[in-house]
Each structure stands twice: as C-alpha cells, then as structure tokens.
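What follows is a set of notes on a single structure, which appears directly below.
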Amino acid sequence: FHWDEARRLTDKEEQLKQVLGVERCDIVHGDADLDKAVYSYLSQRIQQILQQQLPMNEAVVAVTGGTTLAQVGQGFDDTLSKDHQITFVPARGGVGGSYRIQSNSVAGLMAQQTNGQYIPLFLPEKLEEYTADLLLKDPNIQSIIDQSKNADCLILSVGAADVMAKRRLMTKAQYQYLKDNNAVGEAFGIFYNQQGEKVMRLPRYGMVLDDLEHIPLLLTVVAGSSKAHAVESYFKLAPKHSWLICDEGVANRILQTH
Ligand code: F6P
C-alpha cells in the first residue's frame, strides 16, 4: 500500500510540475477543504525542505500571512534549531482579519515553534501614500524590509480573489472592478486573472513580486481544492524557480483539466 501510494503521488508531482512550470512540486495527502489534518502534513514536509535546503547555521526566512501559513506554523517544532539558527521576518504589513493570520503573527509563531528568532514589522498595509512614503524612509523600517528582501527563503501563500478582497477591506467599487475583470487569485497584494495577468495592484510597501526573483528558495504553500484556480493562474506570473507544496485537493483539481 505504502509503495503504491508513494509512487502515485510521485507521478502526480511530476505531472503537476510540468503543467505549472515550477522547479519542484511536493504533494501531501488529503484535501484541506475536507480534512484539517492536511496542515500538519504540510508542516512536516516544509520542515524537511527547510532542513535540507537552508544554509547551515544562520538563515533568514521571510513569510507572508494567511490561514494556511498560520496553520503550518502551528505544526512546526524545534528540530530545525539543531542545525539552523533561523530568523523569521514578515514579508508584508498587516491586513484585515484575525490577528493570528497577519504575516507578523505567522513569523512570530514560526519562531516560537522552532526555537528561532523573530523580527516584527508593525505596520498596517493599508496606508495613505504620503504616510507610506514617509515610513519607508525610516532606517529601522527600511532595515526590516531589506532583511526580508534578502532572505534565504520566502514562504508564501496564494488566496482566492473574492476571499482576499473581503479580507483586504476593499471598497464596493474595487470589489466590482475585480469581478468585472475576472480576478481569480491574489498573492502579494496583486490580484490576477486566469491568464495570470495583473488586474489590480494594491498600493503597498515591502517585498514586491519582482523581489521574488532574487530569493533562492521560494516555497509556495497552498491547500484545499477550492484554491486550484488561484494556484494555477498564479504560476503564470510567478518566478520559474518556485516550488509548490500543496495537497492532493489542489493537485487533483488542476490535473483534471489537463
Ligand atoms: O494576506 C497575505 C496572504 O499571503 C495573501 O497574499 C494570500 O492571498 C493569502 O494570505 C492566503 O491566505 P489563506 O491562507 O488564508 O488563504
């Protein structure tokens, strides 16, 4: 049973890698929309990857927010701290929704669980442009943002456009604009359509999509079949050296249409 299962998943990983054009794909069992145990499988897999891929001793890992990464962080333990001294840093400011899912909280949680360090970035993502410009000139803030841009690894997640529009407290007009332009997903404050074209970019600071090119290890973590569309389209605009770590729910739904 185990061997057949393992081979079945390995085949799927290879297929999905080809379909999405990513560098590597890891699939864990289950569909997070139906079974929350999936998140602990993701945690384990990501820890293994970090263990193998991060530079020995000191390493910086930047993280975005969201429920997926909050759950993944909850499942981390201190095995990584034996060979690595990891500093977790948020890649973005705060958005709407629960405090647990802010990138700040996710970075803090991951540091706590792994016995690592954490650098907070206490800034709301929704700011007037003139305020943002001013804050960005502050050397303390600049230094945190620089550390995230120069991270050894970025762990990010991708969301469905309608869910993220609500969480980002969009106006009715912005919401309608996304609908009219067929936005399917959001990552990094960028809403995109099925073709991977940018539909809306929120005024924001910190890491932007272009910065991802320079990050050596790019882990995109997504779970739940309802996110399949958002994931498939994301890889039309994401850097080619991305790795996808997902569940079977996402993988099956994407592969069904290919
Ligand atoms: O808000 C941060 C963020 O990483 C978004 O860029 C992404 O769309 C979302 O969170 C994913 O959230 P969730 O895991 O809750 O779907």
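Below are the figures for this structure:
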quantity: Residues whose placed amide H lies under 5 Å from that of VAL184, excluding near-sequence neighbours; calculated: TYR192, ASN193, GLN194
quantity: Table column - 3J(HN,Hα) (Hz), the stretch 177-192, Karplus curve with 6.51, -1.76, 1.60, x for Gly and Pro; calculated: 4, 4, 5, 4, 9, 6, 5, 10, x, 9, 8, 6, x, 10, 9, 9
quantity: Ranking of TYR175, TYR99 by count of other Cβ atoms within 10 Å, fewest first; calculated: TYR99, TYR175
quantity: Within the chain, longest stretch free of exposed GluC sites (Glu not before Pro) [DSSP loop, at most 14 other beta carbons within 10 Å]; calculated: 24-127
quantity: Of LYS36/LYS236; LYS12/LYS179; LYS137/LYS236; LYS149/LYS236; LYS12/LYS240, those spanning more than 30 Å from alpha-carbon to alpha-carbon; calculated: LYS12/LYS179; LYS137/LYS236
quantity: Per-pair calculated FRET efficiency, R0 = 35 Å: ARG24 and GLN176 via Cβ, rounded to 0.05; calculated: 0.35
quantity: Local electrostatic count at LEU212 - Lys and Arg +1, Asp and Glu -1, tallied over other residues with Cβ under 12 Å; calculated: -1
quantity: Label-point gap, in nm, between LYS17 and LYS82 - each point 7 angstrom along Cα→Cβ; calculated: 2.7 nm
quantity: Extended-chain gain in nm, criterion 0.36 nm per residue less alpha-carbon gap, ARG100 and GLN112; calculated: 3.0 nm
quantity: Test item: Cα-centred dipole of the chain, Lys/Arg +1 and Asp/Glu -1 on Cβ, debye; calculated: 580 debye
quantity: Fully extended contour minus Cα-Cα distance, from LEU169 to GLN51, at 0.36 nm per residue; calculated: 38.8 nm
quantity: Simple spin-label estimate for SER143 and ASP33 in nanometres, 7 Å along Cα-Cβ; calculated: 4.6 nm
quantity: Order of THR220, THR64 under a 10 Å beta carbon neighbour criterion, fewest first; calculated: THR220, THR64
quantity: Descending principal axes extents, the chain, alpha-carbon based, whole Å; calculated: 59, 49, 30
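No value in this document is a laboratory result; all are computed from the given coordinates. All values derive from a computational prediction rather than experimental measurement. Heads up, the Cβs are rebuilt from the backbone with ideal geometry, glycines too, and the neighbour counts pull from every protein chain shown.
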